[in-house]
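First up is the structure itself, then whatever we jot down about it.
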There are 2 protein chains.
Amino acid sequence: MAIITRETDYALRALTGLALADDFLPVSTLAEQEEVPPDFLRKIMQRLHQAGIVESSQGPFGGYRLARSARRLSVLDVVETVQGPLVMSECISRPEICGRIDYCPFRRRLSALGAGLNAKLAKVRISDAANEIQSAREAAK
Amino acid sequence: MAIITRETDYALRALTGLALADDFLPVSTLAEQEEVPPDFLRKIMQRLHQAGIVESSQGPFGGYRLARSARRLSVLDVVETVQGPLVMSECISRPEICGRIDYCPFRRRLSALGAGLNAKLAKVRISDAANEIQSAREAAK
DNA sequence: GGGTATGAGACTGATATACTCCTATTATTG
DNA sequence: CAATAATAGGAGTATATCAGTCTCATACCC
Ligand code: FES
Ligand code: FES
């Protein structure tokens, strides 16, 4: 089972592309650059827009750009926006449906692992990815 | 999104029950104890049996028991048996479908997180859970 | 052989995933 | 200032997975 869906993967690619562009970029360009089906990316960008991660401009020369610095945008933000909160299991995340909360021997251990993963995903920033691409480009010159 | 499905959750409960019983236990008893739909648990036990995690005995006084010590059975084993390998993303786990393997700035970082999570899940053993239940029972006496 | 238990697997409803297509809005152009 | 072209916005669809049920065959004990 994959923890990160393709939708999130595509969103990460697109946001990295936007971080490098630093200007309004249309979905068509972004989709070609990042090798994502354009119509699918359009829908993904809408969700990122609703979540306030990107700003949009319609009409010719429009497109999307980051709404905040790539340094303040983590992989966790993107995961949570696209596929919802990342949790170890439904039973752990929702005490009201658990029913064995007092004596379940896995709850504590597994929820700690979930919290750990979330913390690590929060430390990977879009700017890290953008910087890596940037460095590679300069090295290739 | 939940990393561990309900099916895996049920499997963990059942295996912990078996670890405490240390004898053949029928699915009906196990299902009642662990609060799992009996027919669903039956199917889950079949998969655990195919994977060699439990042994079965048919007929009266039959049921399932652990095929190996609970100390040698980790949560990761159960996750992989029930829901397949746990990976960060499809694109990361299958280089042949990736296409951007040489320059993807997320591949290295995220696959490291995936490996870390797998390692931690491998360190949580069914015996840990069984021991915790055992201790609680003795304390309640 | 009768009764109790598991084994294998087909079948189903609901939800999520991955993607497509049509519509509304904006900016330039003649 | 309308027509047009470029863009985002949002509805809709096919497939897969999840979660569970049901049936029937098989093995075992008395
Ligand atoms: S978290 Fe609910 S039973 Fe374990
Ligand atoms: S792992 Fe394939 S594009 Fe990032």
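See the values below:
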| item | result |
| --- | --- |
| ³J(HN,Hα), Karplus 6.51/-1.76/1.60, whole Hz, each residue of segment A:94-108, x for Gly, Pro | 10, x, 5, 9, 6, x, 10, 4, 6, 10, 5, x, 9, 3, 5 |
| Net dipole in debye of the protein assembly as shown [+1 Lys, Arg Cβ; -1 Asp, Glu Cβ; about Cα centre; nearest 20] | 640 |
| Positive-pole candidate from A:83, A:15, A:54, dipole of segment A:6-140, charges at beta carbon | A:83 |
| At 7 Å out from Cα toward Cβ: residue B:119 inter-copy label distances (nm, ascending) | 1.6 |
| Over segment A:6-140, relative contact order from alpha-carbon pairs under 8 Å, at least 6 apart, % | 28 |
| Proximal lysines relative to residue B:120, as straight alpha-carbon distance under 22 Å, when same-chain residues fewer than 8 apart are discounted | A:120, A:123 |
| Simple Cβ-charge dipole of chain A, Lys/Arg +1 and Asp/Glu -1, about Cα centre, in debye nearest 20 | 520 |
| The protein assembly as shown - mean residue ellipticity at 222 nm from DSSP helices (-39,500 (n - 2.57) per run, n ≥ 4, rounded to 500) | -18000 deg cm²/dmol |
| Inter-copy spacing of residue A:69 label points, which lie 7 Å from Cα along Cα→Cβ, given in nm from shortest upward | 5.4 |
| Euclidean distance between Cα centres, segment B:1-39 to segment A:36-59, Å | 43 |
| Residue order, fewest to most beta carbons within 10 Å, for A:135, A:56 | A:135, A:56 |
| Per-selection Rg to Rh, the protein assembly as shown - Cα, Kirkwood hydrodynamic radius | 1.08 |
| Label point 7 Å beyond Cα along the C-beta direction, distances from residue B:37 to other copies (nm, shortest first) | 3.1 |
| Burial order of peptide ranges B:67-78, B:19-30, B:96-107 (average beta-carbon count within 10 Å, highest first) | B:67-78, B:19-30, B:96-107 |
| Computed FRET value (nearest 0.05) for residue A:112 with residue A:67, which takes r as the C-beta separation and R₀ as 35 Å | 0.60 |
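All of the numbers you see were taken from the coordinates with simple rules; none came from a lab. A quick note: this is a predicted structure, and the numbers were derived from the prediction, not measured. Don't worry about glycine lacking a Cβ; one is built from the backbone with ideal geometry, like all the others, and counts go over all protein chains shown.
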